[in-house]
Amino acid sequence: MENADVFLGLQDFLERMRQPSAADFVKSIKSFIVSFSNNAPDPERDSAAVQAFFANMEAAFRAHPLWAGCSEEELDSAGEGLEKYVMTKLFTRVFASLPDDVKLDEQLSQKMALVQQFVRPENLDIKPAFQNETSWLLAQKELQKINMYKAPRDKLVCILNCCKVINNLLLNASIASNENPPGADDFLPVLIYVTIKANPPQLHSNLLYIQRYRRQSRLVSEAAYFFTNMLSAAAFISNIDAKALSLEETEFEKNMEFARALLSGLSTDLDGLSSQINQLAGQDQREPTESRHHTLKEDHANRPKSSDGKSSSKDQSSISKVPSISELENRGATILLKEDQVSKVFQECPYMFAHAGDLTVKDVEELLNNYKQLVFKYVCLLKGSDGASASFPLSKSQAQAQQHVETVKESQDHRAIAQNIGLQSNTDKEEDGPTRTSNQENTNSDLLKEEAVGSSEYSHDDTSKQ
């Protein structure tokens with residue numbers, strides 16, 4: 001399918017539907033959406049109804065004067081437009097519509113969150129020559145986009161782009177190390193590892209949604225192959241155990257318990273932020289009036305006197321305008337509680353609500369610099385306020401963490417990889433969706449440059465974003 005046809009599929013479809021001769025099509029589409037939405041969710045029946053409707057409509061397109069003389073690509077584009085339009089309208093009705101699907105989403109997400117804390121490439125028998133976690137971040141980011149879209153095809157593209165990034169990275173690694181070209185036995189373990197690390201939202205429901213509502217006649221060839229691999233990866237993760245990770249049962253359970261404790265601690269830390277703010281704000285409100293009055297009397301007695309024995313009004317004004325650090329902290333906490341969206345206040349602190357699994361190698365240097373600035377400001381503040389000690393001792397765990405940060409920073413594996421395979425550095429750039437590249441079997445660095453922002457024979461447009 002040509003790129004122009006893909007990009008203009010929905011727009012061309014809507015434009016044709018505005019023609020007077022398409023009135024019957026418009027009526028049929030609206031009638032189907034209304035009648036479908038009025039029925040209680042039944043995934044099997046719903047899937048069959050949608051697939052039958054698409055088949056009937058596409059057959060009618062072929063026989064209608066609106067598409068007279070059109071090529072197969074244009075007719076296929078019309079079918080894509082129909083699917084995108086209808087499924088965007090029905091999305092809230094059919095996606096994760098059953099409690100069981102929601103429960104399975106939560107279970108799968110929790111399983112990945114736990115396993116990602118300790119799983120390593122060697123646990124999945126990934127060959128050393130193919131181990132490249134820094135480059136796999138590109139594939140993770142593509143997969144994590146899956147909930148940005150409503151149309152089945154657009155969700156599928158996120159999976160295809162993830163798989164294409166992995167496939168091309170493996171191919172380049174095999175060439176660099178004189179290994180045999182990677183096969184399915186090499187590809188699937190990496191896809192499993194990338195999926196665990198990415199922990200894409202509502203993966204179970206997204207896969208079911210694509211299975212049920214992506215036009216079956218288009219879920220073929222390369223798309224079918226990669227999608228089948230993703231289904232296998234999700235099934236593997238759902239049933240993952242000690243044997244699957246080549247671990248002893250006791251070691252696996254120990255790692256899982258440690259992961260639970262770690263995630264529980266992170267959750268407690270985030271919840272504790274709100275409690276701490278409430279506590280700080282409440283201190284000022286709970287301070288007894290008598291105590292405040294007593295403090296004011298003491299301040300008045302200690303104020304400098306003027307020549308007539310009275311307190312200097314200028315000095316009095318100056319002193320009253322210098323609150324203590326504790327008072328400033330309490331006042332700020334009170335103001336913070338009144339904010340409609342507290343998270344926006346911390347936008348300049350990108351790691352405030354981050355989990356350990358969210359961080360990448362690139363974040364290490366920034367975190368280290370922020371830490372140094374914080375210590376410097378703390379020491380300056382302490383010295384400026386005549387503090388007794390400006391020391392900022394590190395606990396054993398903090399010292400080990402800092403040493404680890406320096407070690408990771410010095411390794412600079414991500415820079416060497418970027419130079420070797422030509423990956424772009426700004427992988428966090430916001431995209432409307434994965435972009436299209438050539439279908440040629442190109443394994444040079446130019447292809448990987450394109451893959452850094454997502455490459456596929458498919459593309460997205462904005463109309464189906466959630």
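Tabulated data for the structure shown
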| item | result |
| --- | --- |
| Inter-residue pairs, beta-carbon under 7 Å, first in contact (Cβ under 8 Å) with a residue 24 or more places away in the chain and in the range 27-50, second surrounded by 11 or more Cβ atoms within 10 Å (Cβ to Cβ) and small (Gly, Ala, Ser), 6+ apart | Phe36/Ala49; Pro41/Ser97 |
| Number of the exception - Gln117 against (1) under 27 Å from Arg212 (Cα atoms); (2) among the polar types (S, T, N, Q); (3) in contact (Cβ under 8 Å) with a residue 24 or more places away in the chain | (1) |
| Test: residue in the range 85-96 that is farther than 30 Å from His64 by Cα and part of a loop (DSSP other than H, G, I, E, B) | yes |
| Criterion: crowded, with 20+ Cβ neighbours inside 10 Å and in contact (Cβ under 8 Å) with a residue 40 or more places away in the chain - qualifying residue of Val94, Val102 | Val94 |
| Conditions (1) closer than 28 Å to Asp46 by Cα; (2) surrounded by 17 or more Cβ atoms within 10 Å (Cβ to Cβ): number failed by Leu247 | (1) |
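Here, each number is a calculation from the coordinates, and none is a lab measurement. Small disclaimer: the values here were computed from a predicted structure and weren't measured. Counting neighbours? That spans all protein chains shown, and the Cβs are built from the backbone with ideal geometry, glycine included.
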